[in-house]
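A.B. asks: Attaching a single structure in structure tokens format; questions to follow.
Derivation of every value follows stated rules applied to the coordinates shown; laboratory data play no part. Just so you know, these numbers come straight off a predicted model, no measurement behind them. Cβ coordinates were reconstructed from backbone atoms using ideal geometry, including for glycine residues, and neighbour counts include every protein chain displayed.
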Ligand SMILES: [Zn+2]
């Protein structure tokens with residue numbers, strides 16, 4: 001039984017939203033991955049097992065509880081992104 005960090009799901013959702021909503025944010029895979037890794041490194045992980053039948057309820061609860069922390073890290077990660085020439 002493996003544990004899964006649900007913060008990954010929540011951060012991924014926030015990232016997708018911000019990348020599609022803000023065209024100043026680079027939408028390439030490299031920048032996405034950099035922001036993803038940086039945000040996850042800076043917030044506490046929240047592990048659940050796939051046994052958890054109520055996983056979606058847990059995700060919803062954590063999303064609400066942690067939203068200000070995640071958004072703060074998201075903004076920081078966006079600021080830290082170095083502009084790079086398009087490949
Ligand atoms: Zn990029």
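A.B. asks: Any chance you could count how many residues in segment 16-47 are surrounded by 15 or more Cβ atoms within 10 Å (Cβ to Cβ) and touching a strand residue (DSSP E or B) at 6+ places or on another chain (Cβ under 6 Å)?
C.D. replies: Going residue by residue through segment 16-47, those that are surrounded by 15 or more Cβ atoms within 10 Å (Cβ to Cβ) are 18-19, 25-26, 31-32, 34-36, 38-40, 43, 46.
Filter again for touching a strand residue (DSSP E or B) at 6+ places or on another chain (Cβ under 6 Å), leaving none.
Here the count works out to 0.
A.B. asks: Quick one: what pairs do we get from segment 26-50, first residue farther than 13 Å from residue 8 by Cβ and touching a residue at least 12 places away in the same chain (Cβ under 8 Å), second away from the ligand (no atom under 16 Å from the Cβ) and part of a loop (DSSP other than H, G, I, E, B), C-beta under 7 Å, 6+ apart or different chains?
C.D. replies: The qualifying pairs are 49/1.
A.B. asks: Kindly list, by first and then second residue, each pair from a residue in segment 74-85 that is over 12 Å from residue 38 (Cα atoms) to a residue that is within 14 Å of the ligand (Cβ to nearest atom) and assigned to a helix (DSSP H, G or I), limited to pairs with Cβ atoms under 8 Å and residues at least 6 apart or on different chains.
C.D. replies: Note: pairs meeting the criteria are 84/30; 84/31.
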